[in-house]
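Encoded as structure tokens, the structure appears first; notes follow it.
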Amino acid sequence: MTRNNHSLRKVILGLFMLLSCGLLTAQNQFTATQWQEDLKFLQEQVHQEYQFLFKKITAEEFDASVDELHKAIPTMADHEVFAGLTRIVSSFKYGHTRMGFRDSPVKLTQLPIAMYQFSDGMYVQGVHKDYPDALGAKVVAIEGVPIDKVMEAIYPLVPSENDQFFKAYGVLYATSPELLHAQGVTDSLKKSIQFTLKKEGKEFRLLMNTGDFMAMPMEYGYIKRNEDWLQVRDSSATPLYLKNLDKIYYYEYLPEEKTVYVRQSQIQDDPSEDIPSFYAKVFDFIENNDVEKMVLDVRLNGGGNNYKNKPVVTGIVRTEKINQPGKLFVIIGRRTFSACQNLINELSNYTNAIFVGEPSSENINFYGDNREVQLPNTKIKTYLSFAWWQDKPQWENGDWTAPQLAVESSFEEYRNNEDPVLDTALSFKDDNFIIDPMAHLTNLFMSGNTEQLEADAVSLVQDPKYRFFDFEGEFNKAGYRLLEGSQLEEAVYVFTMNTQMFPDSANAWDSLAEGYWKAGDLEKATEYYNKAIQLDPTGSVGDNARSMLEKMKKGDPHN
């Protein structure tokens, strides 16, 4: 994030180095009392110095998880306690707030396989040469547990800001036998793990052994081929986003498309050329050549130093030739994180960029930079975030930056060096494309053009290009802004539209009920609160609806 913070890429490399250590036995190095003291120390540090992290989890929920682990520690092996601590630290759901895997006294081992979640499933992207049959296979199950259930079990261990972060990094945790056991995927700690794979229409089982492997040769989430490691992509060609990965950034002119393509994979200076010098060349080339488009590809960019974003943003703003709708494209994805989230926030604020690909893996506004907190007995390092980064107003915050052109790669496209994300940007020709759907719909609402508003809303919600855009959440927020401004009739109208577009959403019906209650229509409020309960009988929305109904019965005023 800042000048003193390393990029996420180094963090993940550290995780791989740890997972590549020697085998762990189930013997405990530490006593239950030592673990419990460390747990209490962590709890006290959080409450004393990091109370602001209680955003996605309450202090009460945090304390309850601490108490639960504290009671269970005497019956647990070291790796299980370590996993328990990992779950607690990860429960804040900020990617920079994490357990320190590197140099941990509790050593985890790793299976020699790299999985990747493509649009059509989880596949083996790379593998050790001892297991060539696994390469390119679809992963069906691990130890007989379906892969989606495995990932569900692993999820609490990962400090996922959103599902994209988990998609990028959860696979690392799923290849550790210790973590698989701690999360109940296996019933005992095993040195060999059985994979159920599917390849060329045939399903088969393969036993993989964990061991003292060197760190897998990973580069931005993909295994690199060498004499010991295999990777599935056809090596006869290289797509632009994987080209010249020895450089942090590079650019290339695509004459047929009259496009300058830039791939930047860290927010750091390349040893051969700093960021200002590099981008000065890029924008000079654009100004003095036959260029109609620029594509900035940051799908692999895990961050670095956000003070280095200024030359990118100001250079684009000044270059009017490409800072126009339909001429500037930014490719984002599951590894777009940290200082790179700051970059795309600023590009969203100040340029006419169209975002293409997958959502980013960072919240729009987020807690970044962290401090090391070492546990006194085990010397395990935890890293707790302290810096709040806010590039957008709080009402524009969200789980991620969503692309306006949603595109994901399938396994076959990756294997064959196809890049549907870049192809989408290069072939874009829609002069009537709506860059900001909610701004467009809001303008129709403000002008009173309700017929066009309703038609466009349905069209946008159903358009696969916008499938990552949270229309339901944005409509809900718009309704509450109207409600808070005492525009009751307008709020009910917006909430009603939301229920029509998302009829299975308990939250949409709960909000509509609240709108009617505040408007004084208790009959409809009751009807729609009951609808919310019907859709979510045991969840938080149903609980809220029941609470509101009780208040209504008692004659409590809406508040």
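Data for the structure
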| item | result |
| --- | --- |
| Residues being part of a loop (DSSP other than H, G, I, E, B), under 18 Å from Gln125 (Cα atoms) and free of Cβ contacts under 8 Å to residues at least 24 places away in the same chain - total across the range 237-274 | 1 |
| Matching residues, the range 167-204, being aromatic (Phe, Trp, Tyr) and surrounded by fewer than 22 Cβ atoms within 10 Å (Cβ to Cβ) | Phe204 |
| All positions within the range 347-402 that are acidic (Asp, Glu) and in a helix (DSSP H, G or I) | Glu396 |
| Which listed residue, of Pro74, Pro105, is at pLDDT below 95, more than 26 Å from Ser338 (Cβ to Cβ) and surrounded by fewer than 16 Cβ atoms within 10 Å (Cβ to Cβ) | Pro105 |
| Verdict on Leu343 being of a type outside the set (D, E, K, R) and crowded, with 24+ Cβ neighbours inside 10 Å | yes |
| Matching entry among Leu180, Leu207 (being modelled with pLDDT of 95 or more, under 30 Å from the mean Cα position of the chain (by Cα) and closer than 15 Å to Ala141 by Cα) | Leu180 |
| Answer residue from the range 473-488, given it is among the small types (Gly, Ala, Ser) and assigned to a helix (DSSP H, G or I) and is surrounded by the most Cβ atoms within 10 Å (Cβ to Cβ) among those | Gly479 |
| Residues of the range 223-240 classified as under 19 Å from Val171 (Cβ atoms) and not aliphatic (A, V, I, L, M), total | 5 |
| Selection status of Leu111, of a type in the set (A, V, I, L, M, F, W, C) and buried (at least 24 other Cβ atoms within 10 Å of the Cβ) | yes |
| Extreme residue, farthest from the chain's Cα centre (by Cα), among residues of the range 403-437 that are part of a helix (DSSP H, G or I) and either of a type in the set (S, T, N, Q) or within 22 Å of Leu343 (Cβ to Cβ) (or both) | Ser427 |
| Subset of the range 245-262 [over 22 Å from Thr424 (Cα atoms) and in contact with a Phe, Trp or Tyr (Cβ under 7 Å, 6 or more places away or on another chain)] | Leu245 |
| Unmet requirement for Tyr250, which otherwise passes all of (1) of a type in the set (Phe, Trp, Tyr); (2) within 16 Å of Thr319 (Cβ to Cβ); (3) surrounded by 18 or more Cβ atoms within 10 Å (Cβ to Cβ) | (2) |
| Count - residues of the range 1-56 that are in contact with a Leu (Cβ under 9 Å, 6 or more places away or on another chain), at pLDDT 95 or above and of a type outside the set (S, T, N, Q) | 10 |
| The one condition in (1) closer than 20 Å to Val421 by Cα; (2) among the aromatic types (Phe, Trp, Tyr); (3) loosely packed, with under 14 Cβ neighbours inside 10 Å that Tyr307 fails to fulfil | (1) |
| Residue selected from the range 385-415 under the condition loosely packed, with under 15 Cβ neighbours inside 10 Å and out of contact with any Lys or Arg (no Cβ under 8 Å at 6 or more places or on another chain), by the criterion modelled with the lowest pLDDT | Gln394 |
| Matching residues in the range 126-152 - criterion: being crowded, with 19+ Cβ neighbours inside 10 Å, part of a helix (DSSP H, G or I) and under 22 Å from the mean Cα position of the chain (by Cα) | Ile147, Val150, Met151 |
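The values are calculated or read from the model by the stated rules, or taken from the named source; none is laboratory data. All values reported here derive from a predicted model rather than from experimental measurement. So basically every Cβ, Gly included, is an ideal-geometry build from the backbone, and we count neighbours across all protein chains shown.
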